[in-house]
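In what follows, a structure is listed as structure tokens, so that the remarks can point back to it.
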Amino acid sequence: IKAVDFLRLASIGVSRGSGEPQMFLAQVYNNLGGALHALGRYDEALWEFDKAIELVPQMVMAYVNKGESLRIMGKWDDAIVCTRIATTLDPEHGVALSNHIMYKQNVCDWRDTNKHFHTLLQLLSVDDVTQTDPTEDETPTVSPLQAVTFPFTPSQTSALLRAYARDILAKAAQIKRLVHLGPPAAVSLDQGVQGRLRVAYMSSDFGEHTTGANIAGIFGLHDKSRVHVFAYATSASDGSPTRELIEGTTETFRDVTELSVAQLAFTINSDGVHVLVDFNGHTLGARSHVTALRPAPVTLFDQGFAGSSGGVATHFNADRTSLPPEYAHTHSERILYMPHFSNPLNNHRSTST
């Protein structure tokens, strides 16, 4: 929010008649749109992206960013128009091209898919970021979601996810200097409730979301004599029955929306958590830097993201169908193979055979 206020002041302070380059003011509008997008204020973000495009019609990232806002708003056709313009302006812009492929894939428009993907493969090197627009700040050419849904080989997908995770791990290492995280107390059921295993779930999707709907019933199914369950909500309540169910059935529920990465990691660590389950993974609203700080001895991605953390988490929950053992080497984590199905859904206490 402070970034939005600052950028708005900057846009007012640089008038068109000031002699400043048009590109500078367009970058301010584009960055302001990005800040509003991050806050979920997509209509306002679109307004700022359009102002950037009006000033510099060839600003590729303004079209890319506008397309992302439109995608989240469910306006797929308009999003595709944006990425089509972006790829026309710069056919070798990796982010624009990968987003264009993803948007068309989501509406089952397979025209030119093979051609676009072949071009992307030619552009792609795992450590590369696109350098074609000065507004970009090390934007990855391929997002984690694209890495697991595009027709890459398992080895290519693994390399892409590890490359994405490297930036998260590097930033987490910088934050780690600011916060002391110690080991939790050992599990000892002889000590009664104080000696229980402490399992925590963290997500921005504890509400009317696919993840929320899938996992809402599991919080109350833990054996409270053996397990103390925590839930850390990284987004504000949407007031839904799903959110109310999760809040009402979790022993310790915390709304941590306003906490920084360091503050949240310290909170989890101070709660003495043994196992931290990150239900976001590499998806919208993720707090992956918190997971990367290892505030608990065991950390894992689950539910929200179908691929490896790339090194952010210590463990990965799987079954032999979703991750055949012969492909386990493509994951950076220790694999926890479940005997049947690795993703329990809602309140399904048992599965008939």
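Structural remarks
- Percent of Cα pairs exceeding the 31 Å cut-off, where the set is the chain: 41
- The length gained on full extension between LEU189 and MET23, counted as 0.36 nm times the residue separation minus their Cα-Cα distance, comes to 53.4 nm.
- Simple Cβ-charge dipole of the chain, Lys/Arg +1 and Asp/Glu -1, about Cα centre, in debye nearest 20: 740
- Evaluated on region 287-338, the Kirkwood hydrodynamic radius is 11.2 Å, with distances taken between all distinct Cα atoms.
- The chain, accessible area per residue, ligands and nucleic acids excluded (1.4 Å, Å²): 50
- Overall, the accessible surface of the chain at a probe of 1.4 angstrom is composed of carbon and sulfur to the extent of 53 percent.
- Against the chain, whose longest principal axis is taken from its Cα atoms, helix 76-89 shows a tilt of about 50°.
- Only Cα pairs under 8 Å and 6+ residues apart enter the sum, and on that basis the relative contact order of region 295-342 stands at 38 percent.
- For region 239-291, the equivalent ellipsoid derived from the alpha-carbon gyration tensor has semi-axes of 19, 15, 11 Å in decreasing order.
- Cα lying deepest toward the dipole's positive end in the chain, options TYR201, PRO339, SER188, charges on Cβ: SER188
- Cβ-based charge dipole, region 53-104, positive-most Cα from TYR63, THR87, SER98: SER98
- Axis of helix 261-270 versus longest Cα principal axis of the chain: the two differ by about 0°, to the nearest ten degrees.
- Note on the chain: lysine pairs with Cα distance below 16 Å, sequence gap of 8 or more or different chains, count 5.
- Value of [θ]222 nm, deg cm²/dmol, for the chain, DSSP H segments ≥ 4, -39500 (n - 2.57) each, nearest 500: -13500 deg cm²/dmol
The values are calculated or read from the model by the stated rules, or taken from the named source; none is laboratory data. Predicted model only: the values in this text are computed from it and were never measured. Positions of Cβ are generated from backbone atoms using ideal geometry, with glycine treated the same way; all protein chains shown enter the neighbour counts. Please note that ligands, DNA and RNA were not included when accessible areas were found on the heavy atoms of the full protein model with its side chains. Shrake-Rupley method; radii C 1.70, N 1.55, O 1.52, S 1.80 Å.
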